[in-house]
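For reference, the structure is listed below as C-alpha cells.
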Amino acid sequence: MKKKFVLLVILLLGGLFVNNQSADASEKEGLDVVVVIDASYSMAFHDPEKNVYDAIRTVSEASLGSENRVGYVLYNDSIVKDKELTTVSSRDEIESWVQDAKSVTPVKGTDVGLGLKTAQRMLKAANPKADYGMILVISDGDTESDTSNPNRTQEAVNADVEAVLHNSEVPIYFIQYSQQEYRNREPMNQWSSRTGGQSHSVQHREELLSVVAQCFKHEEKRMNEAVTAEKALKKEEQFTLSIPVKHTADKQVKKLIVTMTSESFIKEVVYDETNELSVQENGNQVIVTIKNPKKENYVLKYKTENNQQATTSTYTKMTDLPKEKDKKKTVKTINQIMYLAAGVILLGGIIIVMFGFFNKKKILVPIQTVVPEKHFFSDSLEGCFIKTPDDQEIPIQNWPGSLFQNSQTITLYELFAGTDINLELSLMKKVYFRVGKQNTLQMKLKSGVSGIQNGQPISTGTWAVLSIQQGAYLIFKEDELELDIHIRKKSGRGEMILG
C-alpha cells in the first residue's frame, strides 16, 4: 500500500511538471522569416560563388532552438524552389536547405514580382500575427523580367510588385549584392521604405552576411517589444465546426472530407461517434471523413493552442439517386446472379466428386497470384493562383494525399467542388490526377487547358509527373486564369502534415 501511495504522488507531480512545461511553451512567440533570392543568369554573374544562399544559413542558425520559422523562395523566370515556413531543428537540417538551394541551375529571366507574391502568400497561409514576420530579398537589383515565359509580361511583373508593396503587412528588406561592384539600382532601392523595411548595397560575402544578421536582429527586437506589449492573455475558447449535408433533387452526398488546418495544435476535439463518421487527428491538422451520411448536419467542437479558429476546406462526392425502375432491375439482377452462383457451385461439386472417383491420386497444382503493384502518395498537392479575373485574391489551396489515394483518378474540378471560390471552374474538369510511382502524382490535360513544366509545354492527353522537385504552370484562360501547382512535402510546426 505504501509503495502504491508513493507511486501515485510521483505521477501527480510529474503531471504538474508536464502541464507547466506545456503552458510555458504555448506562451512563446516566434518570428516568421521568408528569404527571397534571385536565381537568374545575371545574379550568377554578380555572385559566381553563390554566397547569397548562405543568407539562409545565417537566418536559420539564429533561429535554431527558438519558435522562429524560416522559409525561402528562389525565382528566375518562375518559382524555381520554395521552402515553406518551418521551425529549425538541427544544423544538419540547415545545411541540407543551403545545399539544396545552391543546387539550383540559373535560368534567364527575373520575375521579381512572382518571387515577392509567392513570399507574401506563404506568410498569409501561415497566419502570422502583426509585427511577427519579415521578408528579406537578395538580388543584383535587376527588375527587368526578360522572361522566357510568354504569359508573364513586364507589365504583369510590375503589377505584382506594386500589389505586394501596397498590401504588405510585414516589413520587406532589400539587399542588392554583387562581387563586381556596389549596386544601388532603381526602383528596387526605393521599395523598402513603403513597407517599413530597409535597403542595403553590399559587395563582399562577410558584409552580406553581416547585413542579413543586422536586419534579422532588428525585426526580432521589434517582435519582442510587440510581445511585451500584450498585457492580457485571451481566454481559451471552444470553437464549433458545423458540417451540413447538402443533397440535391437528383443527387445525394456519397462522401464528405473536411480538412481543418491551424497554425497551432488542434486539441480536445469532441463529436458524436457514429459509424459513418471518422476523425483523424494529426497535430495542427484534423481530417473529418463522412461516408454515406445519415444526418443533415454534423457538429464538432475543438480548441487550438493559439486560441484562433482553424481554417477548413471541404471535398464533396455526389452520386445519382437510384430510380424506382433501377431498383427493381437491380433486385432482379441480384436474384439471377444468386441462382447462377448456386448452379456453378452445384456443378463444381459434381465435377469434383467425379474427378475423385476416377482418379486415385490427387495432383495439386500451385496457383500463383499476381498482386498488382500498389502506389502510394503520402504528401499533398498545393495550388497557387498566379492570375485571376479582376485580380481577386484567392488563398492557397491544399489537398491531402488521402483524396488521391482513395480514387483511381480525380479531376481538379472535383478538388475545388464544395469550396466557396467564386470562379468559372468548368475547364478544370479537363485536368486529371492519379497516384504515380515513388510518392508522386501524375497529371493529364485535355484540350482547352495548356500547361508549362520546366519551361516546356505539356503534351495534351499524356500523363506528366508531379514531384517535390517539379510542379507545373496551368493556363485555363490566357491573361485571366492561371494556376501554379506543385507537391507540398509533409512538414511544418507541430509535426504538421499538410494537405
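The values are calculated or read from the model by the stated rules, or taken from the named source; none is laboratory data. Predicted, not measured: the structure shown is a model, and the values here were computed from it. Backbone-built Cβ (ideal geometry, glycine too); neighbour counts: all protein chains shown. Ligands, DNA and RNA are excluded from the accessible area calculation, which covers all protein heavy atoms including side chains. Shrake-Rupley method; radii C 1.70, N 1.55, O 1.52, S 1.80 Å.
As a test question: what accessible area, to the nearest 10 Å², does residue 465 have when a 1.4 Å probe is rolled over all protein chains in place?
Surface open to solvent at residue 465 totals about 60 Å².
Keeping every protein chain in place, order 319, 411 by accessible area at 1.4 Å, biggest value first, i.e. largest first.
319, 411
Around residue 70, under 9 Å between beta carbons, what's the net of Lys plus Arg minus Asp minus Glu among the other residues?
Computed value for this residue: +1.
For residue 144, what accessible surface area do you get with a 1.4 Å probe? Give it in Å², rounded to 10.
110 Å²
Which of the residue pairs 251/294; 303/490; 246/303; 254/303; 108/387; 124/303 have a Cα-Cα distance greater than 18 Å in the structure shown?
Beyond 18 Å: 303/490; 246/303; 254/303; 108/387; 124/303.
Classify the range 84-226 from the C-alpha gyration tensor, please: rounded if a/c falls under 1.5, else prolate or oblate depending on whether a/b exceeds b/c.
It is rounded, given that a/c, with a ≥ b ≥ c, falls under 1.5.
Rounded to the nearest 10 Å², what accessible area does residue 92 show when all protein chains are kept and the probe is 1.4 Å?
Residue 92 exposes around 130 Å² with every protein chain in place.
Can you sort 250, 32, 82 by 1.4 Å-probe accessible area, starting with the largest?
Descending order: 250, 82, 32.
Are any of the pairs 83/255; 267/291; 255/374 more than 26 Å apart by Cα-Cα distance, and if so, which?
83/255
Using a cut-off of 14 Å between beta-carbons, work out the net charge of the residues near residue 426 (Lys and Arg +1, Asp and Glu -1, residue 426 not included).
Summing Lys and Arg as +1 and Asp and Glu as -1 gives +1.
What ranking of 382, 225 comes out by heavy-atom accessible area, probe 1.4 Å, highest first?
If we order 382, 225 from most to least accessible, we get 225, 382.
If we count every other residue with Cβ under 11 angstrom of residue 180's Cβ, Lys/Arg +1 and Asp/Glu -1, where does the sum land?
Net charge in that neighbourhood comes out at -2.
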